[in-house]
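One structure below.
Every number here is computed from the coordinates shown, using simple stated rules; none is lab data. Nothing here was measured: the structure is a model prediction, and the numbers come from that model. Cβ placement follows ideal geometry from the backbone for every residue including glycine, while neighbour counts extend to all protein chains displayed.
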Amino acid sequence: MLGHMSTWLLRLFQITLTHPKCGWQEKDMGARWTLGIFMFELFYGTTPFKGMDHELTLANIVARTLEFSKEPTIPSAAKDLISLLLAKDPIRRLGSSLGASAVKRHPFFQGVNWAFLMCTRPPFRPPPFRKELLSDEICPETHVNYY
């Protein structure tokens with residue numbers, strides 16, 4: 001499963017935007033930020049800048065520095081990668097100049113065969129979600145609050 005998640009993540013941070021009028025390209029640094037948040041959540045089970053509501057979460061992103069708790073203990077390469085992906089200045093964020101290749105070369109990914117991952121088919125692909133397959137008791141019409 002991790003290999004297939006890695007393929008998805010690889011595609012996530014390879015996104016490139018092309019300006020429609022002048023043709024210049026801009027790397028999607030927001031996707032790399034998202035990868036950093038996702039990795040932090042996988043290791044710690046919580047978002048790094050969580051506030052009491054959406055506005056406080058955004059304020060925390062702007063004002064707070066990234067902090068790693070002592071528990072659980074995670075590899076130093078993982079902390080380094082997350083820190084580089086969550087650099088607040090997009091110019092200093094890992095991959096800002098060399099793109100996805102800089103992220104793939106980070107020590108956290110040492111030993112990952114990226115070409116193999118791109119060619120590997122997942123053993124199981126769930127069907128797309130269709131709400132009509134669920135009963136009203138299982139899937140009520142309620143607003144989901146993630147914050």
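Would you order 130, 105, 93, 32 from fewest to most other beta-carbon atoms within 10 Å of each residue's own beta-carbon?
Starting with the residue having the fewest Cβ neighbours, the order is 130, 105, 93, 32.
Distance in nm between label sites at residue 101 and residue 66, each 7 Å beyond Cα in the beta-carbon direction?
If labels sit at residue 101 and residue 66, their model points lie 2.3 nm apart.
For residue 115 and residue 58, compute 0.36 nm times the residue count separating them, minus their Cα-Cα distance, and round to one decimal in nm.
On the way: separation 57, 0.36 × 57 = 20.52 nm, distance 3.67 nm.
Contour length minus the Cα-Cα distance gives 16.9 nm.
Mind jotting down the distance between the C-alpha centroids of the stretch 71-103 and the stretch 50-65, whole Å?
A separation of 20 Å, based on Cα centres.
Could you list 80, 89 in order of exposure, starting from the residue whose Cβ has the fewest other Cβ atoms within 10 Å? Write down the numbers at each step before the final one.
Details: 80 14, 89 8.
The order, fewest Cβ neighbours first, is 89, 80.
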